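Trainee: What follows is a structure written as structure tokens; I'll ask about it next.
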Amino acid sequence: MNRRALGTEAEKLAEQYLRTRGYMFIARNWRCRSGEIDLIFRDQEVIVFVEVRSRSNPSRYGMAIESIDARKQRQVRGTAEVFLYQQRMSANAVRFDVITIHFHGNQDPELKHWQAAF
């Protein structure tokens, strides 16, 4: 599976996971000049911006969670601010989550949800 297909599959799995836990879907792959947010959900009264990261070979590139560096966090926060402004939503209750998915060949993918990751 190529990188793009792996990322798309990871986002689908993450979306399905959040929906089954009662999160209300708002948007997928929301873009503006400052960047892209993979998934946006509502968890009761909290707007949740979700960054999805996947790996098929963690030993080669490191663990997926390690790829969310300070620069990426700033980019996601800035993009979230634009989203909230454009949608006229309150920023009082916002959370930034990360979902990591590790693909292991023919085995089921390993999903981990990092709530309030940054």
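Trainee: Among 110, 51, which comes first, second and so on when ranked by fewest other beta-carbon atoms within 10 Å?
Mentor: Exposure proxy ranking, most exposed first: 110, 51.
Trainee: Can you tally the net charge around residue 65? Count Lys and Arg as +1, Asp and Glu as -1, for every other residue whose Cβ sits under 13 Å from the Cβ of residue 65.
Mentor: -1
Trainee: As I understand it, the dipole of the stretch 42-114 uses +1 on the Cβ of Lys and Arg and -1 on the Cβ of Asp and Glu, about the Cα centre. Which of 78, 105, 93 lies farthest toward its positive end?
Mentor: 78
Trainee: For n ≥ 4 DSSP H runs only, could you compute -39500 (n - 2.57) per run for the chain, divide by its residues and tell me the 222 nm figure to the nearest 500?
Mentor: That comes out to -10500 deg cm²/dmol.
Trainee: While we're looking at this one, here's another question. If Lys and Arg each add +1 and Asp and Glu each add -1, what is the summed charge of the other residues whose beta carbon sits under 9 Å from the beta carbon of residue 11?
Mentor: Once positives and negatives cancel, what remains is -1.
Trainee: Taking the Cβ-Cβ separation of residue 75 and residue 115 as r and a Förster radius of 22 Å, what is the calculated FRET efficiency to the nearest 0.05?
Mentor: 0.65
Trainee: Starting from the Cα of residue 56, step 7 Å along the direction of its Cβ; do the same at residue 8; then give the gap between the two resulting points in nm.
Mentor: 1.4
Trainee: Which trypsin sites (Lys or Arg not before Pro) in the stretch 72-114 pass both tests, a DSSP loop state and at most 12 other beta-carbon atoms within 10 Å?
Mentor: 88
Trainee: If you stretched the chain out fully between residue 65 and residue 36, how much longer would it get, using 0.36 nm times the residue separation minus the C-alpha to C-alpha distance?
Mentor: 8.7 nm
Trainee: Right, another one. Quick check for me: using +1 on Lys/Arg Cβ and -1 on Asp/Glu Cβ, what's the dipole size of the chain about its Cα centre, in debye to the nearest 20?
Mentor: 320
Trainee: If Lys and Arg each add +1 and Asp and Glu each add -1, what is the summed charge of the other residues whose beta carbon sits under 11 Å from the beta carbon of residue 41?
Mentor: That works out to +1.
Trainee: Note the angle between two axes, namely the Cα long axis of helix 70-86 and the longest principal axis of the Cα atoms of the chain, as a number of degrees from 0 to 90, rounded to the nearest 10.
Mentor: Once rounded, the angle reads 40 degrees.
Trainee: Output the 0 to 90 degree angle, nearest 10, between the alpha-carbon long axis of helix 3-20 and the longest principal axis computed from the alpha carbons of the chain.
Mentor: Tilt relative to the chain: about 60 degrees.
Trainee: Contour minus end-to-end for residue 28 and residue 89, with contour as 0.36 nm per residue of separation and end-to-end as the Cα-Cα distance?
Mentor: 20.3 nm
Trainee: State the antiparallel share, in %, of DSSP beta bridges confined to the chain, rounding to the nearest 5.
Mentor: Within the chain, antiparallel bridges account for around 65 percent of the total.
Read the figures in this text as sums done on the coordinates, not as results from a lab. All values reported here derive from a predicted model rather than from experimental measurement. Every residue, glycine among them, receives a Cβ derived from its backbone with ideal geometry; neighbour counts consider all protein chains shown.
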